[in-house]
Amino acid sequence: MNKFVVTSEYNGVRLDKCLSSVLPELSRTHIQKIIDDGEVLLNNKPAKGSNKIKEGDEVLISIPEVKELEVEKEDIPLDIVYEDKDILIINKPQGMVVHPANGHYEHTLVNAILYHCQDLSGIGGVARPGIVHRIDKDTSGLICVAKNDAAHIALSEQLKDHSMARTYTALVRGVIPENSGEINLPIGRDPNNRQKMGVTRNNSKEAVTYFNVLKRYKEHTLVECKLKTGRTHQIRVHLSYIGYPVEGDPLYAGRKYDSLYKNGQLLVATSLKLVHPSTHEEMTFNIELPDYFKEILSHLEE
């Protein structure tokens, strides 16, 4: 049980905002859950996050013991690009699901991380890896994991304010005439297929993708894409919408062409730039294209 008496600097401040300041190791989500669960007392009475506090008030906080996440740990080898006490940068292979979900409770990235990391944060009273951003099952490449709440909060803010830079390399069908461009089209769920997203004005969110042409082939283009926003399937949806779907994409490339690659889209998260949550150092991570991608490019060269 943590106890503190409100000082003058928090006079008139909302309780949840005060707790975010005095308990920086906890995320706002974690704090709100503790309040909702009745684990915070204000002058010996159950508190609400919206309560305005005043100097001299007594606050009691019971932080629940961290329980293990009910997901099996699995000894799955990880391609670790970088690791320290705060962050883990992983090169995710194509075909691996990030989070356990319906139909995918085993062999996910989370299963592997839980086995690898012994010092995960306790978000909401449950030990879990802080997946800061996701990439699709059949997209390979760099993904960032926060190993504690403070790191997760800092990295999530970078994602929110677009200071975390994510760059992807894709092979698309068709020859793009422009050397670069911006695709600014809102994305929402496809009403006719819940597995798909689409460009729509209904129940959608802003989505912005920048692209640069790296190389043109006879019937394909190698492009570099940078995300301003991070909507589900964003690059795949945007490129397909403008007429240049990602090669091998099972959802957005259509079925009238015989794909050069049968195991998923040729889309790789090749670069990630962020500011380290503790040292505040700007860090950039890069990987080469995987062998399966290089083999397709060699075929096109011939």
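The values are calculated or read from the model by the stated rules, or taken from the named source; none is laboratory data. The model shown is predicted, which means the values in this text are computed figures rather than measured ones. For neighbour counting, all protein chains shown are included, and Cβ atoms are generated from backbone atoms with ideal geometry for every residue, glycine included.
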Exactly one of Leu88, Leu26 is at pLDDT 90 or above, among the hydrophobic types (A, V, I, L, M, F, W, C) and either in the same structural domain as Ile131 (by TED's automatic domain parsing) or in a loop (DSSP other than H, G, I, E, B) (or both), and that one is Leu88
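May I ask you to list the residues in the range 4-23 that are of a type in the set (Val, Ile, Thr) and assigned to a helix (DSSP H, G or I)? Don't jump to the end; show me each part of the working.
Here is the first cut: in the range 4-23, the residues of a type in the set (Val, Ile, Thr) are 5-7, 13, 22.
Selection gives Val22 alone.
Is it true that Lys33 is farther than 26 Å from Ala151 by Cβ, surrounded by fewer than 18 Cβ atoms within 10 Å (Cβ to Cβ) and not assigned by TED's automatic domain parsing to the domain that holds Ala154?
Working: farther than 26 Å from Ala151 by Cβ: no; surrounded by fewer than 18 Cβ atoms within 10 Å (Cβ to Cβ): yes; not assigned by TED's automatic domain parsing to the domain that holds Ala154: yes.
In short, no.
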Applying the selection to the range 221-258, what residues are surrounded by 19 or more Cβ atoms within 10 Å (Cβ to Cβ), at pLDDT 95 or above and assigned to a strand (DSSP E or B)?
Thr221, Leu222, Val223, Cys225, Val246
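For His233, indicate whether it is touching a strand residue (DSSP E or B) at 6+ places or on another chain (Cβ under 7 Å), on the phi > 0 side of the Ramachandran plot and not assigned by TED's automatic domain parsing to the domain that holds Asp86.
Working: touching a strand residue (DSSP E or B) at 6+ places or on another chain (Cβ under 7 Å): yes; on the phi > 0 side of the Ramachandran plot: yes; not assigned by TED's automatic domain parsing to the domain that holds Asp86: yes.
Yes, satisfied.
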Show the residue pairs meeting these rules: Cβ distance below 6 Å; 6+ apart or different chains; first residue within the range 290-302 and farther than 16 Å from Asp138 by Cβ; second residue at pLDDT 95 or above and part of a loop (DSSP other than H, G, I, E, B).
Leu300/Tyr217
